[in-house]
Protein chains: 2
Amino acid sequence: MSAPETRPLRVALLGCGTVGSAVLRLIDEQADDLTARVGRPVEVAGIAVRRPAHHPDVPQHLLTTDAEALVTRADVDLVVEVIGGIEPARTLMLAAFAAGKSVVSANKALLADDGPALHAAAAASGVDLYYEAAVAGAIPLLRPLRESLAGDQIRRVVGIVNGTTNYILSRMAETGAGFAEALAEATDLGYAEADPTADVDGFDAAAKAAILASLSFHTPVSAADVYREGISAVSATDVARAAEIGCTVKLLAICERVVNGSPGHPGDTVAVRVHPAMIPTTHPLAAVGGAFNAVFVEAEAAGQLMFYGQGAGGEPTASAVLGDLVAVARNRLAGASGQGPTGYAGLAVRPIADTPTRYHVSLDVADKPGVLATVAQEFARQEVSIATVRQDGHGDAATLVIVTHSAPDAALSATISALRDMPAVRGVTSVLRVEGLS
Amino acid sequence: MSAPETRPLRVALLGCGTVGSAVLRLIDEQADDLTARVGRPVEVAGIAVRRPAHHPDVPQHLLTTDAEALVTRADVDLVVEVIGGIEPARTLMLAAFAAGKSVVSANKALLADDGPALHAAAAASGVDLYYEAAVAGAIPLLRPLRESLAGDQIRRVVGIVNGTTNYILSRMAETGAGFAEALAEATDLGYAEADPTADVDGFDAAAKAAILASLSFHTPVSAADVYREGISAVSATDVARAAEIGCTVKLLAICERVVNGSPGHPGDTVAVRVHPAMIPTTHPLAAVGGAFNAVFVEAEAAGQLMFYGQGAGGEPTASAVLGDLVAVARNRLAGASGQGPTGYAGLAVRPIADTPTRYHVSLDVADKPGVLATVAQEFARQEVSIATVRQDGHGDAATLVIVTHSAPDAALSATISALRDMPAVRGVTSVLRVEGLS
């Protein structure tokens, strides 16, 4: 470009909700610092919204309803997409790339749905696609995974990446409430949306898990590849049982590299899943309460790392967007794009059935000789090895609390099905996976 | 350069101790991944060591004692400096820059001593100087501070950045041992060096604090600007007193932006200090035990963030070196350098005397009426406001435990001096700063 050295870099902002308005405010408040850090002033060229009348507080001359025209305008250098959802975000992003403009996005759903195609489109135009804000809000996470650990091999990423469910589970543990009651409280306080499905059923966490796995293992992983269980089936009993074995219940996003798997999986594979699990209260993730997020990373050489901070909210998310904006702006001025290939390893995604997990199971059984033997035999038949058993008798009934060793998830769930059908078992009162126990 | 696209990028390795040999191993083990991530193979062109005979395990034809010739060799593209210390590392680094080669370094002492001049030399040659490994080992920290938070304003960085002192303080808390005993144990176990001065007296942490402050506040801060107190004066009494007020003792590196200071400091200033302090056991840093490091960051928009991991050791440090190596290699292939300016803000460094801190003080006093009033009057005379007092009588003596509100450090230390001279005070049994109490 033959633009003079001092021409500002101009940003098209798509969307102006909580995050978008925080982005606007930061661009204004940090103007001098942004100029120093980028090497040129950064200014907003236009703001695409659906209903301009709903945005009385932003400079009116910047508002437009024609997002597609805005992203391709000649005076726009960079695009910030904070609309969310699949469409029209995808179409706008592809239009921006085609017009030679780098994009900063906070859109986890879109990146998890269609990451490889979007990256390919950006690369074909020699521009950047950055999206630190899409996972764990303000926590610097994608850049460390992609860049700081670029010379290492990541084994495992385990994160609490959804604040709403973490708040609900924290309240269940603190008050003994059931799921429905804790959800109602979260809704009242504004921690859960009116339709909480995306959070409570794990869709939000699954999108983030897909993004984390893609970057960690240099392998395309989409949301559809992620095994997903939400927290609506977590009961007060599950939470109480967890406490009895020194654990707490968290909704975890787990991305693992499984080295040289089983006969069906000759090479390394990746296993990506979201489900509630019991973790020891001594685990660094156990102390992450309320609406905070944290992500635990294990790498070959670096060992154990943890990243902690606010996972949502306008200001924290805007901080991550601005960090990316500085990076893509600097790349644009340097005439370079900033990222390496992300999908070269192309590892297979291992289905949950074949993925090694551990289970906690609580059973109500008849308190008579031979019941434990019968139950243990059922585990053995599925080749599931038992780590610990506790039996508490009360009258003619007893509670059996069993924690297994690691086994293929299908063998564990088959064992549970068989137990449910067993005459000696009056009820399976709690089943949850267990993570992080030694 | 007209080199063909497939020519490997060649690395000169300066130093081959614990970190250097781990770097060599990772370059070898991760060869395929590095090729994919960089876009070209990465290979080692030569290894400069003082005594080749001490390195029987590395390819002998790569060894040289002539480091200066190695860094300027035409077939060397990038330099990794893991010698440590000021010289000859500084001379070699400058020679590398002059020859147009980017440098990855793990050298905290040199960066803290002479960062601005080294950055200027790299910039003048259009090459990179990266040093993630210099602070907190494997924890991705400098890249997040510099890049992820580039659109935010950092207020405060508080870190446990020295594993040796953290191990000693952890053991003092666990066993009730005094400093000398815990140091002896650390030395026996290899957690402390034969000459532990750099760790125990806070020089290592001060160098890291200078680097963190420089990046966080875009202001040149050198090790000489950092107020420094080590842990050799921390007593078993201090540790016990901390536990009594729900705290634990940690050696902290604290970097703060003080907004619009006092009459003597019209603009924003930065305060950078290393000293032992009591922090609440509920603070995220309190749980960081043994040889782990953790750094707590507060930014305007991002809020509170924490980074946790292994702060030292060959493999973790090598992981950080390799991450930087990938970045500078990619920058070289793109014909760009990767970093923005670091010192543009040029804020003044505020001396410790003017820096607001809080103190905990334990006094042995005569248990008679009026003593508390006399003591309280002395705090008031120095305009130090008291937050809490606890008085425990035993016989004709009593213990006064006082925690102050925030006041200029000079006023606090003047108060302590005055208390020592007071007839009613039989002894000042414990004085430590307090951080993170609300």
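Side notes on the structure shown:
- The one condition in (1) touching a helix residue (DSSP H, G or I) at 6+ places or on another chain (Cβ under 8 Å); (2) in the same structural domain as B:Phe97 (by TED's automatic domain parsing) that B:His119 fails to fulfil: (1)
- In segment B:113-141, the residues that are closer than 14 Å to B:Ala89 by Cα and touching a residue at least 24 places away in the same chain (Cβ under 8 Å) form Cβ pairs under 7 Å with partners that are among the polar types (S, T, N, Q) and assigned to a helix (DSSP H, G or I), at six or more places apart or across chains, as follows: B:Gly115/B:Ser214.
- Filtering segment B:77-94 to residues that are touching a residue at least 40 places away in the same chain (Cβ under 8 Å) and outside any loop (DSSP other than H, G, I, E, B) leaves B:Leu78, B:Val79, B:Val80, B:Glu81, B:Ala89, B:Leu92.
- Residue in segment A:58-66 that is assigned by TED's automatic domain parsing to the domain that holds A:Thr18, touching a residue at least 24 places away in the same chain (Cβ under 8 Å) and surrounded by fewer than 16 Cβ atoms within 10 Å (Cβ to Cβ) present: no
- Scope segment B:416-433; condition in contact (Cβ under 8 Å) with a residue 60 or more places away in the chain and β-branched (Val, Ile, Thr); matching residues: B:Val425, B:Val428, B:Thr429, B:Val431
- Wholly within segment B:192-280, helices (runs of 4 or more DSSP H) carrying at least 1 residues that are under 20 Å from B:Glu132 (Cβ atoms): B:203-217
- Residues in segment B:44-57 that are under 23 Å from A:Asp152 (Cβ atoms) and surrounded by 17 or more Cβ atoms within 10 Å (Cβ to Cβ): 3 in all.
- Residue count for segment A:335-380 satisfying the condition of being under 24 Å from the mean Cα position of the chain (by Cα) and either without any contact (Cβ under 8 Å) to a residue 24 or more places away in the chain or within 14 Å of chain B (Cβ to nearest Cβ) (or both): 10.
- Filtered residues of segment B:300-319 (kept if facing chain A (nearest Cβ under 7 Å), under 17 Å from B:Gly137 (Cα atoms), touching a residue at least 40 places away in the same chain (Cβ under 8 Å) and of a type outside the set (S, T, N, Q)): B:Phe307, B:Tyr308, B:Gly309, B:Glu315, B:Pro316, B:Ala318
- When segment B:98-153 is filtered for residues that are within 11 Å of chain A (Cβ to nearest Cβ), closer than 20 Å to B:Val23 by Cα and assigned to a helix (DSSP H, G or I), the ones remaining, listed by number, are B:Glu132, B:Ala133, B:Leu142, B:Arg143.
- Any pair with Cβ under 8 angstrom, 6 or more apart, that starts in segment B:10-30 at a residue that is at the interface with chain A (Cβ under 9 Å from one of its Cβ atoms) and ends at one that is surrounded by fewer than 21 Cβ atoms within 10 Å (Cβ to Cβ) and part of a helix (DSSP H, G or I): B:Ala22/B:Gly314
- Meets criteria (exposed (fewer than 15 other Cβ atoms within 10 Å of the Cβ) and not assigned by TED's automatic domain parsing to the domain that holds B:Tyr131) for B:Pro369: yes
- Residue count for segment B:98-127, restricted to those that are in contact with a Gly (Cβ under 6 Å, 6 or more places away or on another chain) and either crowded, with 24+ Cβ neighbours inside 10 Å or aromatic (Phe, Trp, Tyr) (or both): 1
- Test: residue in segment A:21-33 that is at pLDDT 95 or above, surrounded by 16 or more Cβ atoms within 10 Å (Cβ to Cβ), not basic (Lys, Arg) and not in a helix (DSSP H, G or I): no
- Filter pass, A:Val295 being modelled with pLDDT of 90 or more, at the interface with chain B (Cβ under 10 Å from one of its Cβ atoms) and on the phi < 0 side of the Ramachandran plot: no
- Scanning segment A:146-172 for residues that are aliphatic (A, V, I, L, M) and modelled with pLDDT of 95 or more, we see that the one that is nearest to A:Glu256 (Cα to Cα) is A:Val157.
- Residue match in segment B:77-86 (condition: at positive phi and either surrounded by fewer than 24 Cβ atoms within 10 Å (Cβ to Cβ) or under 24 Å from the mean Cα position of the chain (by Cα) (or both)): yes
- Residue check for B:Ala286: surrounded by fewer than 22 Cβ atoms within 10 Å (Cβ to Cβ), within 14 Å of another protein chain (Cβ to nearest Cβ) and under 14 Å from the mean Cα position of the chain (by Cα): no
- Residue ID - surrounded by the fewest Cβ atoms within 10 Å (Cβ to Cβ), chosen from residues in segment B:322-334 that are more than 27 Å from the chain's Cα centre (by Cα) and at the interface with chain A (Cβ under 7 Å from one of its Cβ atoms): B:Ala334
- Test set (1) free of Cβ contacts under 8 Å to residues at least 24 places away in the same chain; (2) crowded, with 16+ Cβ neighbours inside 10 Å; (3) at positive phi - B:Gly436 fails condition number: (1)
- Residue in segment A:215-227 that is under 20 Å from A:Met278 (Cβ atoms), within 15 Å of the chain's Cα centre (by Cα) and at pLDDT 95 or above present: yes
- Residue list for segment B:394-404, restricted to those being surrounded by fewer than 15 Cβ atoms within 10 Å (Cβ to Cβ) and in contact with a strand residue (DSSP E or B) (Cβ under 8 Å, 6 or more places away or on another chain): B:Asp396, B:Ala397
- Residue in segment A:216-226 that is surrounded by fewer than 17 Cβ atoms within 10 Å (Cβ to Cβ) and in contact with an Asp or Glu (Cβ under 9 Å, 6 or more places away or on another chain) present: yes
- Any hit, segment B:222-229, residues being under 30 Å from B:Val401 (Cα atoms) and in contact with a Phe, Trp or Tyr (Cβ under 8 Å, 6 or more places away or on another chain): yes
The values are calculated or read from the model by the stated rules, or taken from the named source; none is laboratory data. Only a predicted model underlies this, so the values are computations on that prediction, with no experimental measurement involved. So basically every Cβ, Gly included, is an ideal-geometry build from the backbone, and we count neighbours across all protein chains shown.
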